[in-house]
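One structure is given here, and the rest of the page talks about it.
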Amino acid sequence: MQAPLDTERLLLRPFTAADVDNLYHLHNDPEVMRFLNGGTHTPREVIERDTIPRFLCYGFWAASEKSTGAFLGWFAFHPTDGGDPRDVELGYRLHKAAWGKGYATEGARSLISRGFTEWGVRRVWAQTMAVNTRSRRVMEKAGLAYVRTFHEEFDDPLPGTEHGEVEYALIKADWEQQQTASSHPRTQSRPTVHPSSMRPECAPHPPTWRDGDRVCCQLVWKPRSKGTQRSHDMRQSTMKTSTAAVETSGRGRTTSGYRKLAAEGSFRDECLPLNDLPQA
Ligand SMILES: CC(C)(COP(=O)(O)OP(=O)(O)OC[C@H]1O[C@@H](n2cnc3c(N)ncnc32)[C@H](O)[C@@H]1OP(=O)(O)O)[C@@H](O)C(=O)NCCC(=O)NCCS
């Protein structure tokens, strides 16, 4: 059973069958649903038959305001079906009256923190319509970085669909760096790279090595996006991989750019339990 969580101003608790009314009202506010279904009506039986059973599963939290006990909305934080359980999607939906008070950011940060420190999460990601600027702002304030814009086909597209959907993500190592930076404000001015737009791989040189019962390797970052250096075999050398990373982060293709990136920590040693390292 999922335990309730406390944040400074919110109580996040598991859903129960008694939340039908809460969800019915929230999911029928046209402004709340603008970027989700365009504000169309969701019948009560759909909430009872489809929504509640899904929300009773692990990974959905009903959010209430501690000071008043009022139901504010919900947060989702769960892996996708059949996906890597350490790769978790973040979502949120709050009543309009609760917007603009920092509640979504507060809840998201709390779940992310628990995820990385207690639940074995390695990466948090979120998606929304590109035009949903409020939601994008919450993602940014929660520490996620822009990864990509993509386009999907819809039978009945919502206004703004032509601008696409966006994905943001945060990996554990970046989150840890953010925590360190916020507890040492002087380091905050240092330029940061967003390797969440890339994926970690063990560099071929040096090879992995043992540290007690763990295996270590030097992590490097390969771009996720198509079209940059993907067609190259970036496993040939650390330098080649780093050049691609530099290019993707917009820092030019030079060796000095690579050194800068490496100095900022996009190359680092990582030690994990045996067989748990990213595959090259
Ligand atoms: C997205 C949502 C959860 C945000 O909740 P919230 O509690 O208002 O979020 P926060 O107060 O933590 O942060 C909102 C941020 O967006 C900013 N913002 C508000 N309106 C904005 C706008 N029109 N454009 C850009 N940013 C905006 C706020 O200023 C704030 O940023 P700041 O602290 O830097 O000023 C809420 O609007 C919502 O439930 N929307 C409907 C459901 C939805 O779209 N969910 C996401 C689908 S993926």
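Somewhere in the range 109-122, is a residue touching a helix residue (DSSP H, G or I) at 6+ places or on another chain (Cβ under 7 Å), of a type outside the set (Ser, Thr, Tyr), away from the ligand (no atom under 15 Å from the Cβ) and not in a helix (DSSP H, G or I)? For the range 109-122, residues touching a helix residue (DSSP H, G or I) at 6+ places or on another chain (Cβ under 7 Å), of a type outside the set (Ser, Thr, Tyr), away from the ligand (no atom under 15 Å from the Cβ) and not in a helix (DSSP H, G or I): present.
Taking first residues from the range 132-151 that are charged (D, E, K, R) and partners that are more than 7 Å from the ligand (Cβ to nearest atom) and outside any loop (DSSP other than H, G, I, E, B), the Cβ contacts under 7 Å between residues at least 6 apart in sequence or on separate chains come to ARG136/VAL166; ARG148/GLU167.
Scanning the range 39-53 for residues that are loosely packed, with under 13 Cβ neighbours inside 10 Å and within 26 Å of the chain's Cα centre (by Cα) returns ASP50, PRO53. Taking the conditions exactly as written (surrounded by 15 or more Cβ atoms within 10 Å (Cβ to Cβ), within 14 Å of the ligand (Cβ to nearest atom), in contact (Cβ under 8 Å) with a residue 60 or more places away in the chain and over 12 Å from the mean Cα position of the chain (by Cα)), does GLU165 satisfy them or not? No; evaluated as a whole, the condition is false for this residue. Determine, yes or no, whether LEU36 is of a type outside the set (Gly, Ala, Ser), in contact with a strand residue (DSSP E or B) (Cβ under 8 Å, 6 or more places away or on another chain), modelled with pLDDT of 95 or more and outside any loop (DSSP other than H, G, I, E, B). Answer is no for this residue.
Table: residues versus (1) in contact with a Ser or Thr (Cβ under 9 Å, 6 or more places away or on another chain); (2) buried (at least 22 other Cβ atoms within 10 Å of the Cβ); (3) not aromatic (Phe, Trp, Tyr).
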{"residue": "LYS96", "(1), (2), (3)": "no, no, yes"}
{"residue": "LYS101", "(1), (2), (3)": "no, no, yes"}
{"residue": "ALA104", "(1), (2), (3)": "yes, yes, yes"}
{"residue": "SER110", "(1), (2), (3)": "yes, no, yes"}
{"residue": "SER113", "(1), (2), (3)": "no, no, yes"}
{"residue": "THR117", "(1), (2), (3)": "no, no, yes"}
{"residue": "TRP125", "(1), (2), (3)": "yes, no, no"}
{"residue": "THR128", "(1), (2), (3)": "yes, no, yes"}
{"residue": "ASN132", "(1), (2), (3)": "no, no, yes"}
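For the range 131-162, taking the residues that are within 14 Å of ARG34 (Cβ to Cβ) and outside any helix (DSSP H, G or I), the one that is nearest to the ligand (Cβ to nearest atom) is identified as ASN132. Among the residues of the range 11-22, the ones that are in contact with a Gly (Cβ under 9 Å, 6 or more places away or on another chain) and either within 23 Å of GLN127 (Cα to Cα) or in a helix (DSSP H, G or I) (or both) come to 2 in all.
The values are calculated or read from the model by the stated rules, or taken from the named source; none is laboratory data. Note that this is a predicted model, so its numbers are computed, not measured. Cβ sites come from the backbone with ideal geometry, for glycine too, and all protein chains shown count toward neighbours.
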